[in-house]
Amino acid sequence: MTATGLQYASMNGVVVPYEEASVHIQSPAVRYGSSLFEVIKGYWNARGETVHLFRLEAHLRRLAQSAHLAAYDFSPDPRALEDQIRELIRANEVREDVDVRLNLLIGGQGPIEATGPVFVGIVMIPARNLFGVSGGLHCSVSSWRRISDDVLPPRIKASANYQNSRLPLIQAKRDGYDSVILLNSSGQLTEGPGATLFLVREGEVLTPPVTAGILEGITRATLIQLFREHCGRDVMERLIDRTEIYLAEEAFFCGSGAEIRSILSVDRHPVGDGKEGPLTNQIRELYLSIARGESTLYPEWRTTVHLEPSS
């Protein structure tokens, strides 16, 4: 048993002890941040002895797009990767919610421009609280700016891009906040660390467009569809000024790891009445019921892994 509670990882399709899932310290992945990844949430269903992987196909498609844009000498095989994830879930005898992290790492000891060899690493850990606090969040707007498509393309889900969240988050926590929101170079809202942003203003649901400098979030796309098809609300994708969130009735972050977390205040301005809003609560309950397989809606979004019944 490891500190994660799970014993095995996968490297290039081979299940190995967790401690052996590594690349060399001189690899481009370590030296230059040549690492792409996806995090897929696996939801444990005790009644069926199953794990539901949420939106796996969409995550694998985005991983392939990242590999293409980052000039990796590798084309992910979605069926092979799905089989490797299934094998690893069964090897670990998963019976809890997990975060499955799928990594494409440039190994060897090549130069900064190396495009291979590409190592495929898969690890899973018990699902964690991305924000480290329970309940709604109190956020600041950072003075640090969000990366842009002409600097480090945010639509590439690259480990290096997350350095853009590190200093803003450190500063926010030192200042007594739970999390942080970044502005783009033009001063409009983008997203938080590892989570995209929604707000409700004058009854309209808003989210920044993908051209504002955000990750093309899979949970974001999921919620846009759920709002339209089950809440009777079209989400407006548009540039949003900083001061608009001070006037919002509701705001929340969303993401595979974040799920849906309400934002209660921004820069000490309460959002709405400073409590979680009804639309945030409604969309969270709908989202989780679908992701966990408690709802029969959108079965194509769930990839189900069956485990042997526990004795």
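When the residues of the range 82-115 are filtered to those that are touching a residue at least 24 places away in the same chain (Cβ under 8 Å) and of a type in the set (Asp, Glu), the one that is most open to solvent (accessible area, probe 1.4 Å) is GLU93. Quick one: ARG79 ticks every box in (1) surrounded by fewer than 18 Cβ atoms within 10 Å (Cβ to Cβ); (2) in a loop (DSSP other than H, G, I, E, B); (3) free of Cβ contacts under 8 Å to residues at least 60 places away in the same chain except a single one, so which number is it? Among (1) surrounded by fewer than 18 Cβ atoms within 10 Å (Cβ to Cβ); (2) in a loop (DSSP other than H, G, I, E, B); (3) free of Cβ contacts under 8 Å to residues at least 60 places away in the same chain, ARG79 violates only (2). Residue pairs whose Cβ atoms lie under 9 Å apart, sitting 6 or more positions apart in sequence or on different chains, and linking a residue in the range 223-239 that is closer than 15 Å to LEU199 by Cβ to a partner that is in a loop (DSSP other than H, G, I, E, B) and basic (Lys, Arg), are PHE227/ARG233.
Name the single residue, out of those in the range 227-243 being part of a loop (DSSP other than H, G, I, E, B) and of a type in the set (A, V, I, L, M), that is least open to solvent (accessible area, probe 1.4 Å). Applying the filter and picking the extreme gives ILE240.
Taking the range 244-259, which residues are open to solvent by 10 Å² or more (accessible area, probe 1.4 Å) and assigned to a helix (DSSP H, G or I)? Hits for the range 244-259 are GLU244, TYR246. Return the total of residues in the range 165-204 being farther than 26 Å from ASN281 by Cα and surrounded by fewer than 19 Cβ atoms within 10 Å (Cβ to Cβ). The qualifying residues number 9. Is it true that some residue in the range 142-149 is closer than 24 Å to GLU216 by Cα, touching a Gly at 6+ places or on another chain (Cβ under 6 Å), modelled with pLDDT under 95 and open to solvent by 10 Å² or more (accessible area, probe 1.4 Å)? Checked the range 142-149: no residue is closer than 24 Å to GLU216 by Cα, touching a Gly at 6+ places or on another chain (Cβ under 6 Å), modelled with pLDDT under 95 and open to solvent by 10 Å² or more (accessible area, probe 1.4 Å). The strands (runs of 3 or more DSSP E) falling completely within the range 103-207 that include 1 or more residues that are closer than 23 Å to ASP273 by Cα and of a type outside the set (Phe, Trp, Tyr) map to 137-145, 179-183, 195-201, 204-207. Note on the range 260-311: residues that are touching a helix residue (DSSP H, G or I) at 6+ places or on another chain (Cβ under 6 Å) and either open to solvent by 80 Å² or more (accessible area, probe 1.4 Å) or part of a strand (DSSP E or B) (or both) total 6.
In the range 1-21, the residue that is modelled with the highest pLDDT out of those that are assigned to a loop (DSSP other than H, G, I, E, B) and of a type in the set (A, V, I, L, M, F, W, C) is ALA21. Taking the criterion of being crowded, with 19+ Cβ neighbours inside 10 Å and more than 16 Å from PRO278 (Cα to Cα), the residues of the range 208-223 that qualify are PRO208, ALA212, GLY213, ILE214, LEU215, GLY217, ILE218, THR219, ARG220, THR222. Restricting attention to the range 46-64, the residues being crowded, with 16+ Cβ neighbours inside 10 Å and in contact (Cβ under 8 Å) with a residue 60 or more places away in the chain number 11.
The values are calculated or read from the model by the stated rules, or taken from the named source; none is laboratory data. Just so you know, these numbers come straight off a predicted model, no measurement behind them. Glycine gets a Cβ as well: all are built from the backbone with ideal geometry, and neighbour counts include every protein chain shown. Each accessible area value is taken on the protein alone, full model and side chains, heavy atoms only, with ligands, DNA and RNA left out. Shrake-Rupley method; radii C 1.70, N 1.55, O 1.52, S 1.80 Å.
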